Amino acid sequence: MSAPAWEMLDDIPSNSPIWKQWQKLVNDENWTSDCSATTGLTPTLSTTRSVWAVDKKDSSYIGCVVWNEYDSIALIGFYLLTPAYRKLGIGSKLWKRAIERIPKDYTIALRSVPVMIPRYSSQTTPVRGPTLHYCTVKASEAVELCNKLLPADFESGYSTKKLEELSHEEWEEFLKFDRKITGKDRREWLTAYRSHEHKFAIVVFSKNDHSIVCYASTVMTSHLHQHRYKIAPIYAIDDSLGVFSLRILANWIGSQYPDATIYCHLMEGTRGFEFLKPKLEQITSVTISGTSLFSKPYNNPLDLSKVYFPNNSSGHYDI
Ligand SMILES: CC(C)(COP(=O)(O)OP(=O)(O)OC[C@H]1O[C@@H](n2cnc3c(N)ncnc32)[C@H](O)[C@@H]1OP(=O)(O)O)[C@@H](O)C(=O)NCCC(=O)NCCS
């Protein structure tokens with residue numbers, strides 16, 4: 001096939017129908033780490049930048065590079081062409097334009113699918129970071145695993161609240177907790193996420209002093225009718241709370257759709273990778289999802305010892 005007559009656009013408005021076509025293609029690709037919150041909220045975030053190829057005839061979507069700029073990082077979350085227009089040289093032109101626009105002193109970061117690693121590494125992002133792995137489980141399997149790891153009466157010392165039910169003071173404390181773990185100010189992302197429809201998010205408090213000890217969330221990913229949920233994130237101060245919150249999420253998912261599939265993404269270097277991966281491997285197989293690549297060495301301020309599952313959204317990068 002030859003390339004259609006197309007034009008390049010920078011930064012389309014958040015209500016452009018092109019975003020909807022992009023969302024559909026991301027879901028068609030089965031990129032389960034790009035959840036409904038990432039694809040739903042990215043068009044509206046102040047940090048979002050984008051370059052598009054559209055058909056000159058009807059302005060329909062051909063391809064894009066979409067990235068977010070914050071904290072001197074440009075995280076390229078999406079580089080994606082409609083299948084019929086791949087290998088025609090369009091993607092390379094979009095990429096060149098995106099790289100030209102990213103501030104020169106920023107670190108470019110991306111998560112590469114295995115097949116693209118040598119290509120990206122030879123050009124924009126030669127520095128290799130950690131690899132993301134994933135596995136899938138049914139809700140009942142996850143609950144059973146957690147029950148084996150944790151006594152049923154564990155919760156007596158803790159109380160939980162949904163993210164959207166936090167008082168003003170608790171919300172501010174929660175943002176501090178998130179910042180302590182991620183090393184980043186994620187207020188814009190979390191404020192948008194708080195009212196996102198297709199998620200369930202809880203904050204766990206210690207009954208002793210009402211301090212926050214865990215933040216855990218799950219969100220629908222891929223096409224909604226597929227009943228897929230991604231765990232994103234679980235940040236907890238210890239292993240028991242990591243398992244406790246996973247059990248709460250899995251129970252909630254099972255109550256929504258007993259047939260739902262849970263996507264667990266585990267990042268090398270995190271506590272979740274060390275502690276939970278061997279346990280998940282007893283009931284399912286874990287495979288590679290992608291590898292983080294950087295344009296220069298990047299010192300992630302994330303507290304890896306408290307991350308059980310990363311948030312793993314280009315909307316506001318944690319890992
Ligand atoms: C990856 C993709 C966006 C590239 O766009 P494209 O228009 O097909 O690419 P081009 O025709 O301009 O590329 C020509 C060559 O340069 C490579 N290339 C393209 N962009 C590149 C980049 N940013 N860095 C390094 N190499 C690149 C291509 O892989 C191709 O190499 P090959 O001929 O050895 O396979 C497109 O193929 C696509 O949508 N693929 C599926 C989604 C995907 O895998 N995205 C990347 C996720 S990390």
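The values are calculated or read from the model by the stated rules, or taken from the named source; none is laboratory data. Note that this is a predicted model, so its numbers are computed, not measured. Note: ideal-geometry Cβ built from the backbone for every residue, glycine included; neighbour counts use all protein chains shown. Heavy atoms of the whole protein, side chains included, go into the accessibility calculation; ligands, DNA and RNA do not. Shrake-Rupley method; radii C 1.70, N 1.55, O 1.52, S 1.80 Å.
Here are a few things to note about the model shown:
- Every residue from the stretch 63-93 that is touching a Leu at 6+ places or on another chain (Cβ under 8 Å), farther than 28 Å from residue 192 by Cα and in contact (Cβ under 8 Å) with a residue 40 or more places away in the chain: 82, 90
- In the set (1) within 21 Å of the chain's Cα centre (by Cα); (2) polar (S, T, N, Q); (3) open to solvent by 10 Å² or more (accessible area, probe 1.4 Å), the condition left unmet by residue 211 is number (1).
- Residues in the stretch 180-218 that are part of a loop (DSSP other than H, G, I, E, B) and touching a Pro at 6+ places or on another chain (Cβ under 9 Å): 183, 184.
- Residue in the stretch 83-99 that is under 21 Å from the mean Cα position of the chain (by Cα), open to solvent by 10 Å² or more (accessible area, probe 1.4 Å) and within 12 Å of the ligand (Cβ to nearest atom) present: no
- In the stretch 229-261, the qualifying residues are those that are β-branched (Val, Ile, Thr) and surrounded by fewer than 22 Cβ atoms within 10 Å (Cβ to Cβ), and the one that is nearest to residue 176 (Cα to Cα) is 237.
- Qualifying residue in the stretch 151-168 (condition: of a type in the set (D, E, K, R) and not assigned by TED's automatic domain parsing to the domain that holds residue 227): no
- Subset of the stretch 149-175 (residues that are modelled with pLDDT of 95 or more and either under 20 Å from the mean Cα position of the chain (by Cα) or small (Gly, Ala, Ser) (or both)): 159, 162, 163, 164, 167, 174, 175
Quick grid of which residues meet (1) surrounded by fewer than 16 Cβ atoms within 10 Å (Cβ to Cβ); (2) at pLDDT 95 or above:
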position	(1), (2)
1	yes, no
15	yes, yes
19	no, yes
23	no, yes
29	yes, no
42	no, yes
55	yes, yes
75	no, yes
109	no, yes
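- Qualifying residue in the stretch 133-156 (condition: within 16 Å of the ligand (Cβ to nearest atom), of a type in the set (A, V, I, L, M, F, W, C) and in contact (Cβ under 8 Å) with a residue 60 or more places away in the chain): no
- Any chance residue 125 is crowded, with 19+ Cβ neighbours inside 10 Å, more than 8 Å from the ligand (Cβ to nearest atom) and assigned to a loop (DSSP other than H, G, I, E, B): yes
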